Amino acid sequence: MATPPNARRPDPVTMEVVELIGDVVARFYEDYEEAAGEHALTGAQARLLSLLSLEPLPMRKLALKLKCEPSNVTGIVDRLEVRGLVERRPDPADRRVKLA
């Protein structure tokens, strides 16, 4: 497909800034994973603990915030619970819901 004649091409400075931002984000994730690993945690486990440090959350809300399936969160919480890092409790407002 040909580029329309009136389409603007990003200038070189914009392209460089976008590339540098991508580099910073990639480095952040590498450092985050490394820091989590120093505590024998996966990145997902560290992110979950970070969320729970603010407030107890239902498993479904954790899944939304972590952008994964609730069954994945169950596995993450299972492994953290075995290590004594989290616990599940019934939600006082809805006993069918478990808070981590």
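Bear in mind that the values in this text are calculations on the coordinates, not laboratory data. Quick caveat: nothing in here was measured; it's all calculated off a predicted structure. Cβ sites come from the backbone with ideal geometry, for glycine too, and all protein chains shown count toward neighbours.
So here's what we get for this one:
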{"quantity": "Where GluC sites (Glu not before Pro) in DSSP loops with at most 15 other Cβ within 10 Å are excluded, longest remaining stretch of the chain", "calculated": "39-86"}
{"quantity": "Span-rule helices in the chain, defined as complete DSSP H runs reaching 15 Å or more along the axis (Cα) with Kyte mean at least -0.5", "calculated": "12-37, 70-82"}
{"quantity": "With 10 Å bins from 0: P(r) over the chain, alpha-carbon pairs, percent", "calculated": "13, 32, 21, 14, 12, 6, 0"}
{"quantity": "Proportion of all alpha-carbon pairs of segment 42-85 beyond 12 Å (%)", "calculated": "55 percent"}
{"quantity": "Low-density loop positions, trypsin sites (Lys or Arg not before Pro), segment 17-100 - DSSP coil, at most 12 other Cβ in 10 Å", "calculated": "Lys67, Arg83"}
{"quantity": "Highest-fluctuation residue, Asp23, Asp31, Asp78 considered, GNM on the chain with Cα pairs under 10 Å", "calculated": "Asp23"}
{"quantity": "Residues Leu66 and Val18, FRET efficiency given R0 of 25 Å [Cβ-Cβ distance, rounded to 0.05]", "calculated": "0.45"}
{"quantity": "Efficiency of FRET from Cβ geometry, Glu30 and Thr74, R₀ 30 Å, rounded to 0.05", "calculated": "0.65"}
{"quantity": "Amide proton proximity set for Val97, modelled H, under 5 Å, gap of 5+", "calculated": "Asp91"}
{"quantity": "Net charge over other residues, Cβ less than 12 angstrom from the Cβ of Val17 (K, R count +1; D, E count -1)", "calculated": "-4"}
